[in-house]
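Right, I'll just put the structure down here and ask away after.
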Amino acid sequence: METVVILIMALACLSALLKLSFHGWRGQAALSLAAAAAVCSAADMAASQSRQRIAGWLEQPGLMLDATVWLTLDVGLAIAFCILAAAPRHGREAMLAKALLWFPGFMLFPSLFALLAWLIFSLPGTDFTLTGCCLGAAVLTGFPLIARALGWLLPEREIRLELLFLLSLMTAGLGVAAAVNGRTAVEGTAEIEWKALGASLLLLAASAAAGLAIHKIQSERSHKKTKRT
């Protein structure tokens with residue numbers, strides 16, 4: 001379970017850095033400064049935690065389900081940004097794409113908080129405020145450099161958007177695994193529900209027929225417009 005949570009946090013940080021590569025230097029500096037300030041201000045809170053308390057949080061099903069809700073919302077916003085930024089937009093869609101570009105994600109700050117707590121546990125005897133300030137300085141300088149490096153390694157905007165989309169899907173899958181945590185919603189059965197199976201197949205066939213009909217109508221309309229022009 002702990003490994004799954006670590007992977008989710010790593011993907012959240014990587015997604016934030018990848019989104020940061022779409023900014024100019026001003027946007028990168030502003031978001032990095034906000035993340036660094038959050039890390040520095042959370043030093044005392046991270047120092048008050050313990051390994052046992054964090055492990056207890058990971059074993060609470062209700063807390064993990066609540067975290068999965070925020071994670072799902074985070075993934076949905078990231079996917080929406082990828083869709084809106086994939087093609088030139090105008091009006092409200094362009095404004096929404098810009099707003100989503102400035103949104104680093106809900107999971108970035110918990111991930112940085114977990115990293116800060118891990119550093120405090122790994123450096124006993126070191127001043128907590130000093131550790132927080134050092135990590136904040138690393139975030140302030142490292143985030144723009146990594147974002148620039150990603151932009152240099154992947155200069156094509158479309159490839160970075162596709163990679164961000166795939167990372168979001170991976171994060172969503174890991175979120176489901178973290179929420180389930182070895183539990184199943186219903187008990188398995190060896191019997192086949194023929195009525196439910198038949199209804200599902202009927203619904204699938206009706207949806208396919210409706211899709212083909214709509215596609216044919218749209219093709220005929222476009223063909224007529226082409227003839228007129």
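The values are calculated or read from the model by the stated rules, or taken from the named source; none is laboratory data. The structure presented is a predicted model; accordingly, all values stated were derived computationally and were not measured. Here Cβ is always computed from backbone atoms with ideal geometry, including for glycine, and neighbour counts include all displayed protein chains. These accessible areas exclude ligands, DNA and RNA; they are computed on the full protein's heavy atoms, side chains included. Shrake-Rupley method; radii C 1.70, N 1.55, O 1.52, S 1.80 Å.
Would you confirm whether or not the range 94-111 contains a residue that is small (G, A, S), under 21 Å from the mean Cα position of the chain (by Cα) and open to solvent by 40 Å² or more (accessible area, probe 1.4 Å)?
The answer is yes; a qualifying residue exists.
Counting only residues that are open to solvent by less than 30 Å² (accessible area, probe 1.4 Å) and out of contact with any Ser or Thr (no Cβ under 9 Å at 6 or more places or on another chain), which one in the range 37-55 is modelled with the lowest pLDDT?
Top of the filtered list is Q49.
Still on this model: In the range 10-29, what residues are in a helix (DSSP H, G or I) and open to solvent by less than 50 Å² (accessible area, probe 1.4 Å)?
Within the range 10-29, L11, A12, C13, S15, A16, L17, L18, K19, L20, G27, Q28, A29 qualify.
Something else: Name the single residue, out of those in the range 57-85 being in a helix (DSSP H, G or I), open to solvent by 30 Å² or more (accessible area, probe 1.4 Å) and of a type outside the set (A, V, I, L, M, F, W, C), that is modelled with the highest pLDDT.
Residue satisfying both the conditions and the ranking: G76.
Enumerate the pairs (first residue in the range 186-213 and open to solvent by less than 100 Å² (accessible area, probe 1.4 Å) and at pLDDT 85 or above; second residue anywhere and assigned to a helix (DSSP H, G or I) and not small (G, A, S)) with beta-carbon separation below 6 Å, excluding pairs fewer than 6 apart on the same chain, so at least 6 apart or on different chains.
Sorted first by the residue in the range 186-213, then by its partner, the list stays empty.
Within the range 94-137, work out how many residues are touching a residue at least 24 places away in the same chain (Cβ under 8 Å) and under 21 Å from T72 (Cβ atoms).
Counting residues in the range 94-137 that are touching a residue at least 24 places away in the same chain (Cβ under 8 Å) and under 21 Å from T72 (Cβ atoms) gives 14.
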